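The values are calculated or read from the model by the stated rules, or taken from the named source; none is laboratory data. Please read all numbers here as calculations on a predicted model, not as lab measurements. Cβ: placed from backbone, ideal geometry, glycine included. Neighbour counts: every protein chain shown.
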Amino acid sequence: MKEKKEKQVTIPLLGDPAPSFKAMTTNGEINFPDDYKGKWVVLFSHPADFTPVCTTEFIAFASIADELKAINTELVGLSVDSLPAHKAWLRDIGTLEYEGKKNIKVEFPLIEDIKMDVANKYGMIQPKQANTAAVRAVFIVDPDGIIRLILYYPLTTGRNMDEIIRVIKALQKTDSDKVATPANWQPGKDVIVPGFDPQATPDDNVHCVSWYLCLRKEK
């Protein structure tokens, strides 16, 4: 008897153009990523509506939506549930109180992906996790429609909003200043100056831990 061959999961890579698609959402049709040119986007998937971990995440995502808008970033959610299910779930979320938050309004679009077309383009369906539910994927797409960061979480583990905000700010910092950010970097902390030669280019704002690791103090 032949063994059943597992379906190969195709995942776009860092630096790739974000796979394009048109889809219906709770806010109407979107054309991704064209509708978001000039903005950063957090495109994320969740396993299912009316589930506990996903509910805590949507409350958390909604709570940081304004902070993300302030740094030119939009949220776009996705699951393989229907539009009526999405709308019913979001209405229910608005009636909940969780960690001191209540009257939560989820105003960012949530994609209907019943046929899993979008989820498969982004490698969000992973058979060893579930065949009929998307994993907790996060794709950060830059203003030019390029994938800059990919995170995958198992079904059981909710995402950290502080980390999502941190990496967006780090990417924006590296783009604007042509620097790199060290481990645990936070805005306002020292940044790495790649290839800096203290003998050739003295700079009072730069201190070197080693010949290959030089950091610049942020003003």
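Looking only at region 27-57, count every residue that is part of a helix (DSSP H, G or I), in contact with a strand residue (DSSP E or B) (Cβ under 8 Å, 6 or more places away or on another chain) and closer than 20 Å to VAL141 by Cβ and tell me the total.
Adding up the residues that qualify gives 2.
Going through GLU107, GLU74 one at a time, which residue ends up being among the acidic types (Asp, Glu) and outside any loop (DSSP other than H, G, I, E, B)?
Criteria check complete, one pass: GLU74.
Hey, any hits in region 165-173 for a residue that's among the polar types (S, T, N, Q), in a helix (DSSP H, G or I) and modelled with pLDDT of 95 or more?
Applying the first criterion (among the polar types (S, T, N, Q)) to region 165-173 yields 172.
Now drop any that are not in a helix (DSSP H, G or I), which leaves 172.
After this cut, where a residue has to be modelled with pLDDT of 95 or more as well, the list is 172.
Scanning region 165-173 turns up at least one residue that is among the polar types (S, T, N, Q), in a helix (DSSP H, G or I) and modelled with pLDDT of 95 or more.
Is it fair to say ALA23 is among the aliphatic types (A, V, I, L, M), under 25 Å from LYS121 (Cβ atoms) and in a helix (DSSP H, G or I)?
Details: among the aliphatic types (A, V, I, L, M): yes; under 25 Å from LYS121 (Cβ atoms): yes; in a helix (DSSP H, G or I): no.
Answer is no for this residue.
Going by what's in this entry, would VAL80 be described as under 26 Å from THR10 (Cα atoms) and touching a strand residue (DSSP E or B) at 6+ places or on another chain (Cβ under 6 Å)? Outline the logic, then answer.
Values: under 26 Å from THR10 (Cα atoms): yes; touching a strand residue (DSSP E or B) at 6+ places or on another chain (Cβ under 6 Å): no.
When the stated conditions are applied, VAL80 does not pass them.
Could you give me the residue pairs with C-beta distances under 9 Å whose first residue belongs to region 154-183 and is over 30 Å from ILE59 (Cα atoms), whose second residue is among the polar types (S, T, N, Q) and at pLDDT 95 or above wherever it lies, and which are 6+ apart or on separate chains?
ALA180/THR174
For the condition at pLDDT 95 or above, under 26 Å from SER20 (Cα atoms) and out of contact with any Leu (no Cβ under 6 Å at 6 or more places or on another chain), what is the one hit in PRO154, PRO127, PRO143, PRO182?
Values: PRO154 fails: at pLDDT 95 or above; PRO127 fails: at pLDDT 95 or above; PRO182 fails: under 26 Å from SER20 (Cα atoms).
Being at pLDDT 95 or above, under 26 Å from SER20 (Cα atoms) and out of contact with any Leu (no Cβ under 6 Å at 6 or more places or on another chain) holds for just one of PRO154, PRO127, PRO143, PRO182, which is PRO143.
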